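The values are calculated or read from the model by the stated rules, or taken from the named source; none is laboratory data. None of these values were measured; they are calculated from a predicted model. A quick note on method: Cβ atoms are made from the backbone with ideal geometry, for glycine too, and the neighbour counts reach across all protein chains shown.
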Amino acid sequence: MSGSRALYEQVILDHNKNPRNFKVIEDADRKIEGFNPLCGDHFTVFLKLDGTTISDIGIQGAGCAIAKSSASIMSSILKGKSVDEAKELFDRFHAMVTSAPDAPLDEAALGKLAVFSGVREYPIRIKCATLAWHALLAALQGENQQVSTE
């Protein structure tokens, strides 16, 4: 196993064991549920907005290590970002995890999100990695219906 691959796995395991921002925000401006019926991952994303800036984000729910760590990293990266920056990060993340396994990575542009590059080798895991992100995007667009990966 390459050194970077082992580091990536450690980051994913850490965020799974010690998820960041796993909390309910009672006075959230936006709240939306995401559900993956194939594996049972289920998360609720809570957003507190200050104008067009994400001032706080909370995630609540349960899922596999990939889904939970993706939600955790997403929440830690997006706090303080603008809605437009969040949408841009969604696009970068989604493009990376759905690209070919041997596609080059722009690690500088992806930052911590590059830890999920290995998901590309396991297409069934893409839905796990993107569940919270799809819920986030729906919340940013003002939707209030549950998001499903199916």
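Looking at (1) out of contact with any Leu (no Cβ under 7 Å at 6 or more places or on another chain); (2) farther than 20 Å from Cys128 by Cβ; (3) buried (at least 20 other Cβ atoms within 10 Å of the Cβ), which is the only condition Ile54 fails? Status for Ile54: all satisfied but (1).
Number of residues in the range 74-123 that are among the charged types (D, E, K, R), in contact with a helix residue (DSSP H, G or I) (Cβ under 9 Å, 6 or more places away or on another chain), closer than 23 Å to Leu13 by Cα and modelled with pLDDT under 95: the value is 4. For residues that are in contact with an Asp or Glu (Cβ under 9 Å, 6 or more places away or on another chain) and crowded, with 19+ Cβ neighbours inside 10 Å, scanning just the range 37-51, find the one that is nearest to Arg125 (Cα to Cα). So, considering only residues that are in contact with an Asp or Glu (Cβ under 9 Å, 6 or more places away or on another chain) and crowded, with 19+ Cβ neighbours inside 10 Å, the one nearest to Arg125 (Cα to Cα) is Phe43. Taken together, the residues in the range 57-74 that are of a type outside the set (A, V, I, L, M, F, W, C) and either free of Cβ contacts under 8 Å to residues at least 12 places away in the same chain or within 14 Å of Ala129 (Cβ to Cβ) (or both) amount to 5. Comparison of Ser82, Ser72, Ser76, Ser99 shows that the only residue that is buried (at least 18 other Cβ atoms within 10 Å of the Cβ) and not aliphatic (A, V, I, L, M) is Ser72.
Count of the range 21-40 residues, restricted to those that are of a type outside the set (S, T, N, Q), farther than 17 Å from Glu143 by Cβ and at pLDDT 95 or above, is 6.
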